[in-house]
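Have a look at the structure below before the remarks.
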Amino acid sequence: MRTIGLRAITVLAITALVCLPALMTARDDGAPPRRTGGPFPGERNCTNGMCHAGTDPNGGPGDITVLIGGMPVHEYAYTPGETVPVEVAVSDPDASQTVRGFALSVRSPEGCFQAGELATIEGDEGVRFQTGGRNTPAPCPASPLQQATHTAPRAAEDGVARFLFNWTAPAANAGPIVFAAAGNAANGDSGRMGDRIYLTSAVVLPADNNVVSSASGRGPTFSPGQIVSFFGENLTQRGITSAGEQATMRPLPTTLAGLSASVIDSAGEERQMPLLLAVNTQVNGLIPQGSADGLGTLKVSLPLGTVIETPIDVAAVSPGLYTVDGSGSGLAAAVAVRIAPDGARTPVNLIGTSGGEIVPLPLDLSRDGQTVVLLFGTGLRNGSEVRALVNGDPAPVVGAGPSGEFDGLDQVNVLLDPGLAGSGTVSIVVTVDGKPTNAVDVVVQ
């Protein structure tokens, strides 16, 4: 049996007594510096900082979301020098969690330097901005880091509290920057127990970035196996009228029209991209399997030796859904299957043409049996939890994963509620491990 000596017991007791006040009282005037839980050296959150305890970070039923200029942070791209409103929303459906708090910081990817400036917005004086506190550990040089936080706990309304302030982007193109935020759903007893911490972070690139998901048109985060599109000019270097080249075999080639591309991941490993298409203004290819999470570089090597490098972010999932016009919004590129009471299955087209124009074919939900919509996308296959919302209401997902027909193409099968009959255009959003896709539309009757 292991024993603990008297000296050790004495040290433990003294330590407990010294720490007791800090452990018993949560902070009501905002988070201490460097408590966003972001991917920065030495960064903590308010659970391992001993302010709040209850569940592991993101272990509760709520979440924290960040909107920049009204857009989800993972969709936003900054323009140097612009000032935009930021909204942090901390939600938790548990009525016992009555108040909310937050912390947010915007930094360079390595966490050493402030990116842009946070400031008060008219109409919300309940946010303060810290610039003091010890800086991040070596190898960062001494540099003040700004953090937005609450001045006092804010009461939740319908489970949500929102905090508003402004952010001004760096005056010049600073490349990738990282927004990191922590939210606290607390029980309001001024103690540390029974509270819940939610964390989120996202890489944001400048607006002139030229790599996007081929489905949603979003960037800069992509997942291994996802189809991405790179845009430029004279990429095949064969003249403006060149038709380029499309892959016609499997496995996919790594060179098309004399052009190749690769991804250098956060671990410094370089992998060749399987290519689908190379034309004068666009290259489509797959993020290589095995690419490590974190900031990386997409490198496109043109036929005459020019190399174009673009920063990207790699994550396990980065879901997007295809639309008919390729814009990432509007009518879904989808089909449906009607399942009769006897189990017979009938495919149903959702897209038709009229006068040379693409038009929706309304889906009849009044018939007996079940109707499943098959949505197509990319960046979903590595996820473990797939959910769907139809007009904001949960809908059963009865299948999700690689479609098997084309490299990089994924599929999500959503069961539609017959009660939607007569709704007209309905909006569908899929979330994969908590990350939402772009919204797509299906027309029903």
If contacts are Cα pairs under 8 angstrom and at least 6 residues apart, what is the relative contact order of segment 234-333 in percent? 23
Compute the length gained on full extension between residue 329 and residue 168: take 0.36 nm times their separation in residues and subtract their Cα-Cα distance, giving the result in nm to one decimal. 55.1 nm
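Nearest 0.05, what FRET efficiency do residue 249 and residue 281 give at R0 = 25 Å with Cβ-Cβ as r?
E between residue 249 and residue 281, to the nearest 0.05, is 0.60.
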Taking the alpha-carbon centroid of each part, what is the distance from segment 375-406 to segment 149-203 in angstrom? 29
Tensor-based shape of segment 198-305 (alpha-carbon gyration tensor, a/c under 1.5 rounded, otherwise prolate or oblate): prolate
Computed FRET efficiency, Cβ-Cβ of residue 297 and residue 234, R0 25 Å: what is it to the nearest 0.05? 0.75
Is the C-alpha gyration tensor of segment 82-201 telling us rounded, prolate or oblate? Criteria: a/c under 1.5 is rounded; beyond that, a/b larger than b/c is prolate, otherwise oblate. prolate
Before rounding to the nearest 500, sum -39500 (n - 2.57) across all DSSP H runs of length at least 4 in the chain and divide by the residue total; then give [θ] at 222 nm in deg cm²/dmol. -1500 deg cm²/dmol
Exactly which GluC sites (Glu not before Pro) in segment 266-364 are in a DSSP loop and have at most 15 other Cβ atoms within 10 Å? 269
Points 7 angstrom from Cα along the Cβ direction at residue 339 and residue 131: gap in nanometres? 6.0
Using 0.36 nm per residue, how much length does the chain from residue 270 to residue 94 gain when fully extended, once their Cα-Cα distance is taken away? 58.8 nm
In degrees from 0 to 90, rounded to the nearest 10, what is the angle of the helix 6-24 Cα long axis to the longest principal axis of the chain? 70
Segment residue 124-residue 353, length gained on full extension (0.36 nm per residue, minus Cα span): 77.4 nm
Estimated distance in nm for a label pair at residue 207 and residue 415, the labels positioned 7 Å out from Cα along Cα-to-Cβ: 4.4
What is the spin-label model distance, in nm, from residue 117 to residue 157 if the labels are put 7 Å beyond Cα along the C-beta direction? 3.1
Show me the three semi-axes of the equivalent ellipsoid for the chain, from the C-alpha gyration tensor (sqrt of 5 times each eigenvalue), largest first, rounded to whole Å. 42, 30, 21
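Can you give the charge dipole size of the chain about its Cα centre, rounded to the nearest 20 debye, using +1 on the beta carbon of Lys and Arg and -1 on the beta carbon of Asp and Glu?
1160
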What is the chain's relative contact order, in percent, from Cα pairs under 8 angstrom and six or more apart in sequence? 12
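Over all directions, average the projected area of the Cα convex hull of segment 320-444 and note it in nm².
That works out to 7.9 nm².
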Given R₀ = 60 Å, FRET efficiency for residue 367-residue 143 by Cβ-Cβ distance, to 0.05? 0.40
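Quick note: the coordinates plus some simple rules give every number you see, no bench work behind them. These numbers were taken from a predicted model, which means no experiment stands behind them. Cβ atoms come from the backbone with ideal geometry, glycine included; neighbour counts cover every protein chain shown.
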